[in-house]
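Q: Please see the structure below; I have some questions.
The values are calculated or read from the model by the stated rules, or taken from the named source; none is laboratory data. As the structure is a prediction and not an experimental result, all values here were calculated from the model. Cβ placement follows ideal geometry from the backbone for every residue including glycine, while neighbour counts extend to all protein chains displayed.
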Amino acid sequence: LLAIGGASSLIFATACLTPLSNLVQGLVIAVSRPFATGDKISIGSMSPLIGLVEHFGWYQSRLRTANNELVVLPNSMLAKEQVVNLSRRTSKKIQATFRVRYDDLPKVHPLLEEL
């Protein structure tokens with residue numbers, strides 16, 4: 001009987017591990033606030049999942065992708081993956097190539113200063 005009680009306790013503890021992990025990670029995310037509802041985020045680094053945060057909950061969060069797919073993610077996954085908040089960028093890098101005639105070179109510097 002004691003062995004059955006020990007085994008059932010182990011099974012119960014293992015079953016509670018994932019929901020408890022999601023709850024704890026949800027608390028960590030809520031405190032650190034890496035994103036908010038309405039933010040555009042990228043999750044993962046190899047082939048990132050990009051979408052708008054529709055809902056943040058204690059156990060899971062929901063993203064809406066560009067294809068209008070609703071993706072439900074457990075908070076433990078959000079804590080393990082790299083999350084980039086694309087809505088909170090302060091600047092963007094723009095790279096462009098321009099051809100300038102030698103006669104117009106004196107005009108280039110003042111134009112770049114305006115940018």
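Q: Filter the stretch 82-115 down to the residues that are within 16 Å of the chain's Cα centre (by Cα) and modelled with pLDDT of 85 or more and list them by number. Steps first, please.
A: Filtering the stretch 82-115 down to residues within 16 Å of the chain's Cα centre (by Cα) leaves 82-89.
Scanning the stretch 82-115 gives Gln82, Val83, Val84, Asn85, Leu86, Ser87.
Q: Quick one: count up the residues across the stretch 55-109 that are of a type in the set (Phe, Trp, Tyr) and touching a Pro at 6+ places or on another chain (Cβ under 6 Å).
A: Matching residues across the stretch 55-109 total 0.
Q: Residues in the stretch 10-28: is at least one surrounded by 14 or more Cβ atoms within 10 Å (Cβ to Cβ), at pLDDT 75 or above and assigned to a helix (DSSP H, G or I)?
A: No, every residue in the stretch 10-28 fails to be surrounded by 14 or more Cβ atoms within 10 Å (Cβ to Cβ), at pLDDT 75 or above and assigned to a helix (DSSP H, G or I).
Q: Could I ask something else about it? I need the full set of residues from the stretch 42-59 which are of a type outside the set (Val, Ile, Thr) and part of a strand (DSSP E or B), in order please. Full working, then the answer.
A: Step one: filter the stretch 42-59 for residues of a type outside the set (Val, Ile, Thr), giving 42, 44-49, 51-52, 54-59.
Residues satisfying the conditions are Ser42, Leu49, Gly51, Leu52, Glu54, His55, Phe56.
Q: Moving on to the next point. What tally of residues in the stretch 60-84 results from selecting those that are surrounded by 10 or more Cβ atoms within 10 Å (Cβ to Cβ) and not in a strand (DSSP E or B)?
A: Matching residues across the stretch 60-84 total 9.
Q: Moving on to the next point. Is it the case, given these coordinates, that Ser87 is of a type in the set (S, T, N, Q), closer than 20 Å to Asp39 by Cβ and assigned to a helix (DSSP H, G or I)?
A: It is true that Ser87 is of a type in the set (S, T, N, Q), closer than 20 Å to Asp39 by Cβ and assigned to a helix (DSSP H, G or I).
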